[in-house]
Every structure is written in structure tokens, then in C-alpha cells.
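A quick write-up on the structure given underneath.
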Amino acid sequence: MYYLGFDIGGTNARCALIHHVDGQFKIITSQKHSIRGAQTPRDVAGVIVRVVRQIPAEHHVPALSSIGIAIAGQIGMDEHTILNAPNLNWHNVNFYDVLREALGEDARDVDIRIANDLNAIAWGEYNFGAARSLPSLLAVYVGTGIGAGLIIDGKLMLGADNVSGEIGHCKFPHYKAYPCGCGQTGCIEAFAGGKAIEYRILHDIQTGVVSREALDLGEDEHPTARCIERAYKKRLPYAVDFWEETALALGMLIANAIAILNPHGLLLGGGVLEGCPELLALVVGHIMDLSPRASTEKLQFIKPTLHDDAGTLGAALLCLK
Ligand SMILES: [Zn+2]
């Protein structure tokens, strides 16, 4: 059985061809294609069609079993419609129909699945990564935004509206002043997501709370989570407070999720957490302090192992979810 998976980001489409043989999944190839400047649904479908025609032929694949597509956004209950994908600026797009039309007679009998990128990433880590043997997994990612994927009894949990895992939009009264990209206020993503972290630093520079020199930032250098991580290591009081506050917010959020779900595994990933080990250590400390004692007896902390490939590999196996 051969499966093709795509992870459509804001600038790249990653893809992977998987072969399932003798009970094992084998990655035949994984590639990256630029979609910069080609972001209408029709354009992205065009990139997928080219790959569908090219890669299986190059690797002498007799027949594809399925094509899976991961997209950063909310996917409708029909699993065909992209309700909202802010990075691509797609709203209420029936991408399944666009892709079927673009494929024409190619892949006519091939199953096509579309899923939220974090669900695909969690599914990829669950099937290929370190979480493989666990009955349940909560995967929380702090990158540009904050999201999660949840696997219970070996099944990806999708929810009544296909939007399980929107953990970044959990509300806390402290964050009422921060408007979120979702249109609401009070979301933790608007305070502790990567984009929000950058916004908070810029605001503090502009209002004189901290200087560029103190953060070792060049005149035109854009502040990111990594500059706080760097300054935290030097014990700059501003960075210590910044990371303490951010870690408490994330730790409390995840501890609350653990209190509700009691998962066997907790995978913490995403650009901010993977790029900032000091922040990650603080977050883990708060998770252990704030989770109910009984909920962490069997809890295993799991490191992401697939990084940029998790979404494509998970997307390729969406038909097994
Ligand atoms: Zn929100």
C-alpha cells in the first residue's frame, strides 16, 4: 500500500511518499516545494497535481491508496471545506472539490483526506515517532500560534465539529487585553504564542521597558522568542520575568488539559518550545506543580522526533485515523 501526504504551510508544501509493507511504514521520499506567491486554492491544487503525477511514477508505484493533506486552519465537518486558513487567506473553500477537479482522471479512485495540520502532526508522531506504543497522547505545539492534537485509544479525536485541540483559544481573564487572530479576546495564544511573544517584546522596546542593546538585538533585527531565551540564560531580569510569566501561562494551560484528559503521553513541540529549552524546562516544572498528583502517575513526557516531517507523514496516513 502506498500513501502520499502533503503539509501545506504559508510558503512551502512538503510531501512524502510512504510504503506500508510487512506491517511497517517506510518513507520512500520526502520533499519540499515552494508555494510562495502561489496561494490560491487552484494554485496549491496545481502543485499537488504535479507531485501526484511525478513522484509515484518516479518510484514505480503501481497504485496509490490515498492522498492526505494537512492545512494550518479549521477544517469543516465534511473534511472537504477549509473554514478558515489565515496563513493562506482561505475562507470557506471546498478544497476537496478544487483538487478533484484539478486531478481530473488522475487519482480518480484514490481516497483524498484533508485535516488540520496539528492533528496531522500528532498523528504522524503517534504512528512514526516516540509516542508509538501509547494508548493516549496529548500533543501541544507552541509555534507561531498554540494548538494541540489528541489521540485516545489509538484514534485521532476530531470532536463534534472537527475542531478538537484548539487549546490556544482557551480563555483566561488575565489576557482580556490581548486581541486574538480568532476574533475573540482572552485567548492564551494572544499572550504566549510565538507571534504574540514577538509583539510583546516589540511593544516593550517601543515603550522603553527594555532596550534593543539589553536584548543584544541589532538595529533592524526582528525580536523573537530566541532573544528572550538568550537573555534569560544571562539572567537579564526582564527576560527572567518574561519567561516566568509565559511559562506559568503555558504550564497552567497544559496542567488543566492534563486534569481533564489524564493522557499516557504528553508531547511538547513547536518552534518556540523546541527552540527555547530554558522556557521548556520552566513549562514542564509548572505542569508537574499544577497538574493533579493522581493525573501524572503514569504521564510520560515525549520529545518530538519527526520535526518538519511529522505533518506530511501524519497526513499520508489520515485514511487510517
Ligand atoms: Zn483566539
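Every number in this text was worked out from the coordinates using simple rules, so none of it is lab data. Computed from a predicted model, the values in this text were never measured in an experiment. Heads up, the Cβs are rebuilt from the backbone with ideal geometry, glycines too, and the neighbour counts pull from every protein chain shown.
Computed from Cα positions, the angle between helix 41-58 and the longest principal axis of the chain comes to roughly 60 degrees. Inter-label distance, ARG132 to HIS222: 3.8 nm, where each label sits 7 Å from its Cα along the C-beta direction.
Quick check on the chain: helices-only [θ] at 222 nm, where DSSP H runs of length 4 and up contribute -39,500 (n - 2.57) each and the sum goes over total residues. Nearest 500, please. One gets -11000 deg cm²/dmol as the mean residue ellipticity at 222 nm. To the nearest 10 degrees, how steep is helix 237-261 against the longest Cα principal axis of the chain, on a 0 to 90 scale? It works out to around 50 degrees. Note on the chain: antiparallel DSSP beta bridges, both residues inside, total approximately 65 percent of the bridges counted.
Per q in 0.15, 0.17, 0.20 Å⁻¹, report the Debye log10 I(q)/I(0) for segment 133-304, using one uniform scatterer on each alpha carbon and no solvent. Once normalised to I(0) and log-transformed, intensities are -0.84, -1.04, -1.35.
Between the alpha-carbon centres of segment 249-291 and segment 70-91 there is a gap of 27 Å. Across segment 303-321, the residues whose backbone nitrogen lies under 12 Å from the label position 7 Å along the beta-carbon direction of HIS59 are 313, 316-317. Take every pair of alpha-carbon atoms less than 8 Å apart whose residues are at least six positions apart; their mean separation over the length of the chain yields a relative contact order of 21 percent. Each part reduced to its alpha carbon centroid, segment 140-183 and segment 29-62 end up 29 Å apart.
Beyond 22 Å, how much of the Cα-Cα pair distribution for segment 1-124 remains, as a whole percent?
Of the Cα pairs, 30 percent sit more than 22 Å apart.
Protection proxy ranking for 135-146, 97-108, 184-195, using the average of other Cβ atoms within 10 Å per residue and placing the highest first: 135-146, 184-195, 97-108.
Using the per-residue mean of other Cβ atoms lying within 10 Å as a proxy for protection, in what order, highest first, do the peptides 245-254, 164-173 fall? Display every interim value, and only then the final one.
Numbers: 245-254: 21.2, 164-173: 18.0.
Ranked by mean Cβ neighbours within 10 Å, highest first: 245-254, 164-173.
Computed over the chain, the quotient of the alpha carbon radius of gyration and 2.2 N^0.38 Å is 1.03. Here the contact order of segment 133-304, divided by its residue count and restricted to Cα pairs under 8 Å and six or more residues apart, works out to 24 percent. Note down the relative contact order for segment 122-187 as a percent, whole number, built from C-alpha pairs under 8 angstrom at least six residues apart. Rounded, it is 21 percent for segment 122-187. Hey, what angle do you get for helix 117-128 against the long axis of the chain, alpha-carbon based, 0 to 90 degrees rounded to 10? So the inclination is approximately 70 degrees.
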